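One structure is given here, and the rest of the page talks about it.
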Amino acid sequence: MPKCTIDGREVEFQPGQNLIEVAKKVGVEIPYFCYHPGLSIVAQCRMCTVEIEKNPKLQTACSTPASDGMIVHTQSEKAKKNQRSVMEFLLVNHPLDCPICDKAGECDLQDNSYKFGDAYMRTSEDRRTYMDLDMGPVIKKNMNRCIHCTRCIRFGAEVAGIREMVAIQRGNNTEITTIDGRPLETEYAGNYSDICPTGSLTLKDFRFKKRAWFLKKTPTICEGCSRGCNMEIQHEGGQIYRSIPRENMEINQWWMCDEGRFNYRYTMEKDRIVEPRVVEAGASKRADWATAVAQARASVRGKKALVLIGSDLTQEEAQLIQQFAKQSLSGADVRHFGTPGIKSAGEDAAADKLLKRKSRTSNLHGVEKLGIGAFEGNTGAAEAVVVFRGGRAVLPEIKAGIWTVGIGVYHDSDSKKPGVILPGAAFSEKDGTVVNFQGKEQKLRRSVLPAGKSKLISEILALWTHQGVANKAGSKASVQAVTEGAV
Amino acid sequence: MSNLNFEQKQSAQSESGSIGGEPGGETLFIQHFKNDEARFLKYYHEKMAGYTALKKAFGMTPAAIVDEMKKSNLRGRGGAGFPTGIKWGFINDKTPFPRYLVCNADESEPGTFKDRDIMRYTPHLLIEGMVIGGYAISANVGYIYIRGEYTREAVLLDEAIEEAYAKGYLGKNIMGTGFDFDLTVHRGAGAYICGEETGLLNSLEGKRGEPRVKPPFPAQAGAFGKPTIVNNVETLANVPFIINRGGEWFSKLGRLERSGGTRLISVSGHVNKPGVYEIPAGSMTIRQIIYDLCGGMLNNGRLKAVIPGGSSAPVLTADEIDVIYDIDPLMKVNTMLGSAALMVVSEDQCVVKLIHRITKFYAHESCGQCTPCREGCHWMESIIERILHGKGREQDLALLADISDNIGGKTLCALGDAAAGPVASFVKKFKPDFEAYIRGGKHA
Amino acid sequence: MSKILSQKFYDEMKRLEPRYPTKVALLLPALHAAQRETSWLSPEVLEEVAAHVGIHPAQAREVASFYTMYNLKPVGKYHIKVCTNVACELRGADGLVKHCEKRLGIGLGQTTSDRRFTIHEEECLGACGTAPAMMLNDDYHEDLNVAKLDQILDQLP
């Protein structure tokens, strides 16, 4: 393997790797703004210049592939002076917005200025300013903060496949915009905020809500579709503030779609049912867990039951439900549902040219692996239907009167819902395993506790079977019953 | 209307003679300029090469043609001065197809106006040169990227091209050789940066004229991603002469080693006879050009400064004009020949205002991609403007010098260097003029 | 949507298309040809050009706004562009600009209220040997002085 030397450290590299990536291997940080491993190389910001022996001029590390025997100095006097000067040039026009800017604390400009720039200003000229135009519901643009790295333009053209983010004018007046206030059309607009190295493009959803350094970060998996993009839920004090993609070269590279990114919102909606509900005198009423579970059990006793399980639930939940159906519902049939029109994993396919899949739930492939068949739409001879779901699976049409119990995530605004509801945890509120379309098993990790009085499905099922046993025997036996899954 | 002006100008020029240097020095172009008949094919057949060079070229191998170009020591006439033969040699048998030959007719370097004369008076030299060039690098498609403002010249070029197509010098199976060559005039739309070869190629492709990262160079990936050679108008117009009379002859026309042929120089500013002149390369000093060729200083003014190579060239003072006007000698005194555009400044002109205008030009023309140029050019312009309005600070001159140092050599293309070099040179050589504003209370 | 540009425009595009390997390369010639008809490139015109060339309207706008010759705002019947770069400044462009502004009663970058004249300053036009120079629409006028400028403007229909 070829070798080069960076700041005195010898390092092996793959032919074609640029110096920024090679330097990372030996722990040398070369600062940059316009470079992004997922986008084309433009060598525009000039921040990553390094000194290479036998080369009279500084070279940009991003556009220079390492070569055998190359000797690189990233912190020579010449290289350091240029880093300071690029930072100075960028700050000539960049406004001192840090106290009011969302990006503070996770801002490339701040970080590079602190590490590689000077601590004083030599300019006394007025900063250039722009009039902002709106860009739609996802992204807030503040053009004054832009450092013209053009990552957003390249993302739009190369990844999102739509050249809607463009640069108009030229020189110091260059403005990056969607012209005439058009809203961004792409379904991947959230990524603009991820890649922007300053607070020029930020998420409207996150605006002014929380300082980045207060956020706790939990790695988990998106439940938006069967791709299972790796993501991170950022939360504090039991509330979710943001979710962003995590890098996974095999599944979602560096990106995620807006639907997945903002999916977490439903878990916090005010009309989410987070207390058990029972039917009383024909109306739906809140109740305590014991009452609700009792009513649920009563409503299926003696009837031929059908269990529908959303393919947005985890492997562990699905297995528990299979066991439950066998032992507590007299071997009721278990069928999965999720995306209208996509009945089986075989029908799942790419829904766009980037990440989205036709299956709008995360575990279609997983539940099928457990041998659960698809719900064809006909409840057949069933007299009672128990529907388990997370927040994504689309409720199928069920004949009125036979849908008795709903377990999982429901909203008041769901036009179809049963009288008895046992509220369950959403994807952000539990651990579990999901299987994506590539057959990869991935782990959900719990970020926050189940909302309100919601419980984990395992807890709900334990309650159900415990009541059954407790009715027949004492509490000791009921513990045994829980572990043995008795009726 | 402008023709009237030209006729008046013409008589003034022909009096002084347009041949410089030693008597009997041969000129290739100037005798045909200002002649409204010269652009027609009829004239070209009777008085000039008349596509005989093309015929001769078809009897040579491409490799032999490239060899002849190397012998000629023709150096690119656009400003970079890169040896043309070596450039053409970048395309060889292993280079994939298709290939393109592009003529850089974007002439926008302030002070330069010689390509304009070639295109409106002797366009067939350019066309013939391009067909030969196309044959030498096996390119079947050529483009002439002409700056948008040269509306009339683009029309005249199109007419000449039409004549050439009609006579079979362009198109399919030229002169029965089986070689095809199509030539299209592509108009720019007002951007100096499109004179930079990769900016030009992006503009040709229908994009913003922003320069590209090099490598890859145009010979590897140029127009539409294919191997391309980009040459200046004057460079290509010299090709028929080189083919007809040999590279060695051409090389000897020039007076210096490694600099063959004659040069078309554009002289403007405070001289009595501004205009295009043709001199053997390296045959005159700047002093001789100003006083012998161009009739001396306008209104007997005193010389203050000379900008030797278009506004991108660092300035020379009145004491520094005894240098030979060619590429290598000027480089030795830390300036450049560039596009051979000599601008002469008398003491009537405030040099601080002048460098302000120059810096304003670069700030206006900067494409905005890279940080030092985008921010630095505008910053320098603002500082000098502030100085002009009497609000200069003591540290501003050192600051200008440092900003210039931080831009030069650090940008994606040469526009940064073009902006930085002049500022540093004016600040260094005309410090008292700046200080008159900063300390002396002078006001614009 | 009904077309703004004439059949002549589309015929010209058809003539040029085989000369380039991509359709996008037609963009600069297309913008020139469109502006010849409509005098300035409105968002609707840009959209029509973009549709013909096969690009997003934003792309047409980003390219058009890069080049100074494309008018993205309406201009007067006579668009005067006076060069104020080095050689012309050395030969009196300043005075010419001031005279122009005074005579027309507008400043640089403005249009007269009767929409007849717009004046801009321009970068080097390549007429330095015959400085000072200006462009009036497509034509160059060189060797100017105040008297000649007045004469040129007086003779305009």
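For chain C, the Kirkwood radius over C-alpha pairs fed into Stokes-Einstein at 4 °C and 1.567 mPa s yields D = 76 µm² per second.
For chain C, C:CYS100, C:CYS124, C:CYS128 stand unpaired, since no other cysteine beta carbon lies under 4.7 Å from theirs. Along region A:172-182 the Karplus relation, 6.51 cos²θ - 1.76 cosθ + 1.60 evaluated at θ = phi - 60°, assigns HN-Hα couplings of 5, 8, 3, 10, 9, 7, 9, 6, 6, x, 5 Hz to successive residues, with x for each Gly and Pro. Dividing the convex hull volume of the alpha carbon atoms of region A:3-75 by its residue count gives 82 Å³ per residue. P(r) for chain B: what percent of alpha-carbon pairs falls in each 20 Å bin, starting at zero? Going out from 0 Å in 20 Å bins, chain B shows 26, 57, 17, 1 percent. When the alpha carbon gyration tensor of the protein assembly as shown is reduced to an equivalent ellipsoid, its three semi-axes come out at 70, 31, 28 angstrom, largest first.
Only bridges whose two residues both fall in the protein assembly as shown count here: according to DSSP, what percent of them are antiparallel, nearest 5? Intermediate results must be reported in sequence, preceding the final value.
Details: 64 of 116 bridges.
Restricted to the protein assembly as shown, the bridges split so that about 55 percent are antiparallel.
If you keep only loop residues by DSSP, which chymotrypsin sites (Phe, Trp or Tyr not before Pro) in region A:69-144 have at most 14 other Cβ atoms within 10 Å of their Cβ?
Values: sites: A:PHE89, A:TYR114, A:PHE116, A:TYR120, A:TYR130; in loops: A:TYR120, A:TYR130.
Sites meeting the loop and neighbour criteria: A:TYR120.
Of the GluC sites (Glu not before Pro) found in region A:349-426, those that fall in a DSSP loop while having at most 12 other beta-carbon atoms within 10 Å are A:GLU376, A:GLU397.
Taking Cα atoms only, the orientation of helix B:2-16 departs from the longest principal axis of chain B by about 90 degrees.
Would you mind telling me the antiparallel percentage of the DSSP bridges in region C:78-154, rounded to 5?
Details: 7 of 13 bridges.
If we restrict to bridges inside region C:78-154, about 55 percent are antiparallel.
Find which of A:ILE402, C:ALA93, C:ALA131 sits farthest along the positive direction of the dipole of the protein assembly as shown, computed with +1 on the beta-carbon of Lys and Arg, -1 on that of Asp and Glu, about the Cα centre. Towards the positive end, the residue furthest out is A:ILE402. In a reduced charge model with +1 at each Lys and Arg Cβ and -1 at each Asp and Glu Cβ, the protein assembly as shown shows a dipole moment near 3020 debye about its Cα centre. The alpha carbon centroids of region A:66-81 and region A:170-216 are separated by 34 Å. Principal axis extents of the Cα atoms in region B:35-253, from largest to smallest and rounded to whole angstrom, are 42, 41, 36.
Along region C:141-157 the Karplus relation, 6.51 cos²θ - 1.76 cosθ + 1.60 evaluated at θ = phi - 60°, assigns HN-Hα couplings of 10, 10, 6, 7, 8, 4, 4, 5, 4, 4, 4, 4, 5, 4, 7, 6, x Hz to successive residues, with x for each Gly and Pro.
Counting neighbouring beta carbons within 10 Å and listing from fewest to most, the residues B:PHE434, A:PHE337, B:PHE82 come out as B:PHE82, B:PHE434, A:PHE337. Between region B:362-388 and region C:39-57, the alpha-carbon centres lie 31 Å apart. Distant-in-sequence amide contacts of A:LEU201, defined by a placed amide H-H separation under 5 Å and a gap of 5 or more residues or a different chain, comprise A:ASN142. Per residue of peptide B:187-193, the mean number of Cβ atoms on other chains within 10 Å of the residue Cβ is 6. Each residue of region B:152-159 was assigned a 3J(HN,Hα) from its phi angle through the Karplus curve 6.51 cos²θ - 1.76 cosθ + 1.60 (θ = phi - 60°); the sequence is 5, 5, 5, 5, 5, 4, 4, 5 Hz, with glycine and proline shown as x.
Shielding value for B:204-214 is 6, the average number of Cβ atoms from other chains within 10 Å of each residue's Cβ. In this simple spin-label model, placing a label point 7 Å from the Cα along the Cα-to-Cβ direction at both C:LYS23 and B:ASN140 gives a separation of 2.3 nm.
Of the residues A:ALA79, B:SER108, A:GLY424, the one whose Cα sits farthest towards the positive end of the charge dipole of the protein assembly as shown is A:GLY424 (charges of +1 on Lys and Arg Cβ, -1 on Asp and Glu Cβ, taken about the Cα centre).
Name the trypsin sites (Lys or Arg not before Pro) in region B:246-325 that are in a loop by DSSP and that have at most 14 other C-beta atoms within 10 Å, would you?
Listed in order of number, the matching sites are B:ARG302.
If you wrap the Cα atoms of chain A in a convex hull and average its projected area over all directions, you get 28.0 nm².
In region A:299-432, Cα pairs under 8 Å separated by at least six residues give a relative contact order of 29 percent.
Pairs with C-alpha atoms separated by more than 25 Å, drawn from the list A:LYS326/A:LYS399; A:LYS356/A:LYS453; A:LYS356/B:LYS214; B:LYS429/C:LYS102, are A:LYS356/A:LYS453; A:LYS356/B:LYS214; B:LYS429/C:LYS102. Taking amide H atoms as placed 1.01 Å from N in the peptide plane, the amide H of B:HIS186 lies under 5 Å from those of B:ILE144, B:TYR145, B:ILE146, each 5 or more residues away in sequence or on another chain. What 222 nm value per residue comes from the helices of the protein assembly as shown, counting each DSSP H run with n ≥ 4 as -39,500 (n - 2.57) and dividing by all residues, nearest 500 deg cm²/dmol? That comes out to -9500 deg cm²/dmol. Can you tell which of A:GLN319, A:HIS466, B:PHE426 lies farthest toward the positive end of the dipole of the protein assembly as shown, using +1 and -1 charges on the Cβ of basic and acidic side chains (Lys, Arg; Asp, Glu)? Value: A:HIS466.
Based on the Kirkwood radius over alpha-carbon pairs, what value in µm²/s does the Stokes-Einstein equation return for the translational diffusion coefficient of region A:138-213 at 25 °C and 0.890 mPa s?
Details: Rh = 12.8 Å.
Estimated via Stokes-Einstein, D reaches 192 µm²/s.
Quick check: the angle from helix B:351-365's long axis to the longest principal axis of chain B, C-alpha only, nearest 10 degrees? Once rounded, one gets 50 degrees.
For a Förster distance of 30 Å, can you work out the FRET efficiency between the beta-carbons of A:ALA283 and A:ASN378, rounded to the nearest 0.05? Don't skip to the answer; put the middle values down first.
Values: r = 30 Å, r/R0 = 0.99.
After rounding to 0.05, the efficiency reads 0.50.
In region A:338-461, one over the average inverse separation of all distinct C-alpha pairs is 15.8 Å, which is the Kirkwood hydrodynamic radius.
Fewest to most neighbouring Cβ within 10 Å: what's the order for C:TYR70, B:TYR325?
Values: C:TYR70 21, B:TYR325 25.
Ascending Cβ contact count within 10 Å gives the list C:TYR70, B:TYR325.
Close amide H partners of A:VAL420, meaning residues 5 or more places away or on another chain with modelled amide H under 5 Å apart, are A:GLY406.
If we count other beta carbons within 10 Å of each Cβ, what is the order of B:ILE327, B:ILE384, fewest first? The partial results should precede the final answer.
Numbers: B:ILE327 23, B:ILE384 26.
Ascending Cβ contact count within 10 Å gives the list B:ILE327, B:ILE384.
By how many degrees, between 0 and 90 and to the nearest 10, does the Cα long axis of helix C:93-104 differ from the longest principal axis of chain C? That helix lies at roughly 80 degrees to the long axis. On alpha-carbon atoms, Rg over Rh for region B:344-431 using Kirkwood Rh? On the Cα set of region B:344-431, Rg over Rh gives 0.95.
Read-outs: derived from the displayed coordinates by stated rules, not from any lab. The structure displayed is predicted, hence computed values, not measured ones. All Cβ positions, glycine included, derive from the backbone under ideal geometry; neighbour counts span all protein chains shown.
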